[in-house]
Amino acid sequence: MPSRLGDAARPGTVVRVDLNGRRVDGWIVATGPHGSAGFDEVPVDRLSPLLDIATLGVAEEVVGLCGWIAHRWAGPLRNVLRSATPERKRRRSVLAHRGSAAAVDDAATIAFRSLPPAGGVMEVPPLVSALSVVHAAAGLGTVLVVCPTIRMARLGAASLRRRGLTTAELPAQVDAALAGVDVVIGARSAVLAGCGGLAAIVVIDEHEESFHEERVPTWWAPEIGLERGRSAGIPVVLVSPCPSARAVMLHGEPTRVAAGSGWPEITVVDLNDVPVGSSLLTGPLLDAVKGSARSTLCVLNTKGSARMMVCASCRTLQVCPACSTTEGAEGDQLVCPACAHARVGACLDCGRTKMSTVRAGTAKLRDELAANSRLPVREVTATTADLGGEAQVYVGTEALLHRVSSAGTVVFLDVDRDLSAPRMTSGREVLAAVARASRIVGSSGRIIIQSRQTAHPLLVALASGTTDEWRRADTALARSLGLAPFVSVAVITLPDGADVPAVTGHPSVQWTPTGNGILARSADHADLLAFVAGVRSAVDGRVRVAVNPARV
């Protein structure tokens, strides 16, 4: 540490070093005198001086949390530190600024006041603003708010400023966040941001997949928020219209905001009333398209065309009796793509063997809808621009719900494809999509869900406006089957050409070879990490490990 740099070195500081003739950035993770414990492994004459020190880096109180993340998700510390580092390296002088928001007594605020000191999970219906929870938490001091997207964080900050609170939007306003404001708000990596006077953490829509880091280590922002709150002794509130099983497992049963149903009008339409081989155009769909003065969004998570098997006689969708995934035809058999279960190609309801293939995708639906409604219909793709006009009809995948902020009606054209996807989380993914659509249509709008499984428990719950019972049943099923989040899962990808090692000594870990690696799971997270370490030591080359990824 050169004397010209003073005493600026602290854990989390970004420094410039000379590494084999190249100037590169690094992080200080600990400081101490040479020769003391932990600093005595390298002779002093082999140490290189620091070339420069940045005035912005990882917050000192977060450095230990970064090490915990790297260990728990079995990934490199470097990647976590990079996520916690601001884009700029030089700090600007900003004074603390506090607002004066008037107190409110709405349903969300009342529910927040009933939480225990450590916080909890709050079930806030989609038509109730989660920002009321933030407003209430701001009475404790600075609130760190983590949102699923940067766009939501930007809109939330604007709304909070209208309420009289001061905000710092991350990553741009990191200096204001460190100086001290009422609310520090940002997307996933904001959970690692430095905050002056931090008094509470609120995670909005904790169920969203965007809170899972895609790079290794594959950390989950709400769990990091819980650990940060526990270490700092501050309340952490996880807010969602459909709380995830992992949030409930880690932070307790949700406190529901008493605000009526909190959902718009939801209609479930039986696709069995439509000829099997023709299309997905039902009467309610065409009425909504022709009669609405606002935009109609038609959601189908299939581009081009796709196939599902339906009995030609009783019109029953053929799903796997073992895991409820839609089956496909292979010769004279019906085969499940998820669990490889095969059976005779006969209908489970009526026993007949004649099947029809349902073909529909966004491209075909656009043409059919335009022909039947005689209205301009736009298929939305990744390159489509200028969305959001009134009285427009849009057809696209679920990504459409992230690109249009307001509409009169949202139609899920064929929800069976999503309900019967080969994942145990498929039902919760459908529920999350309906919650997102509810915010788009608002209290005066309408949601239409088309399905051949109208008796599905989730669809029955959505039609009635109460999903609590379904959520508890789904959680109980995952627990009884020993599935995530009640077990820890690791997806291990091996180098090309590497053989699967025979790792022993971990009886609590169940694992199986996959196409390019290993899928392992264990009820004991420490045992799973030990198993991962054994695989890494037994394989030459780079081993990628995704612990508890969003989808398995």
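Things to note:
- In nm, spacing of pseudo-spin labels at Arg91 and Leu5 (7 Å Cα→C-beta vector): 1.6 nm
- Relative contact order computed over the chain (Cα-Cα under 8 Å; 6+ residues apart), in percent: 13 percent
- With both labels modelled 7 Å from their Cα along Cα-to-Cβ, the Trp68 to Ala538 distance reads 3.2 nm.
- Tail fraction, Cα-Cα pairs, region 107-256, threshold 27 Å, whole percent: 11 percent
- Label-to-label distance for Ser159 and Thr466 is 2.6 nm, based on points extended 7 Å past Cα in the beta-carbon direction.
- Packing-based order for 219-228, 63-72, using average beta carbon neighbours within 10 Å, highest first: 219-228, 63-72
- Across all directions, the average flat footprint of the convex hull enclosing the Cα atoms of region 1-145 is 13.6 nm².
- Ellipticity estimate at 222 nm from DSSP helix runs (n ≥ 4, -39,500 (n - 2.57)) divided over the chain, nearest 500: -8000 deg cm²/dmol
- Residues of type aspartates and glutamates that Lys354 reaches as a straight line, Cα spacing below 18 Å, ignoring anything fewer than 8 places off in the same chain: Glu327, Glu330, Asp332
- Pairs of Cα atoms nearer than 8 Å and 6+ residues apart set the relative contact order; for region 1-84 it is 32 percent.
- Amide H contacts of Ala168 (H built 1.01 Å from N, in plane; Pro and chain starts excluded): Val183, Val184, Ile185 sit under 5 Å, all sequence-distant by 5 or more or on other chains.
- For the chain, taking Cα atoms only, Rg and Dmax work out to 26.4, 86 Å respectively.
- For region 416-519, the gyration tensor built on C-alpha atoms gives a prolate shape. Its axis ratio a/c (a ≥ b ≥ c) is at least 1.5, and a/b is the larger of a/b and b/c.
- Couplings 3J(HN,Hα) for region 123-138, derived from phi with the Karplus relation 6.51 cos²θ - 1.76 cosθ + 1.60 (θ = phi - 60°), are 8, 10, x, x, 8, 10, 6, 6, 5, 5, 5, 5, 4, 5, 5, 5 Hz, where x marks Gly and Pro.
- Multiplying the residue separation of Asn20 and Ser129 by 0.36 nm and removing their Cα-Cα distance gives an extension gain of 33.8 nm.
- Cβ crowding within 10 Å averaged over residues, with 39-45, 283-289, 187-193, 53-59 ranked highest first: 187-193, 53-59, 283-289, 39-45
- For Thr267, distant residues with modelled amide H under 5 Å away: Ile447, Ile448, Ile449
- Size of region 3-84: Rg and Dmax of its alpha carbons, in Å, are 13.5, 39.
Each value in this text was obtained by applying a stated rule to the coordinates, not by laboratory testing. Every value quoted in this text rests on a predicted model; they were computed, and no experiment measured them. Ideal geometry is used to build each Cβ from the backbone, glycine not excepted, and the neighbour counts take in all protein chains shown.
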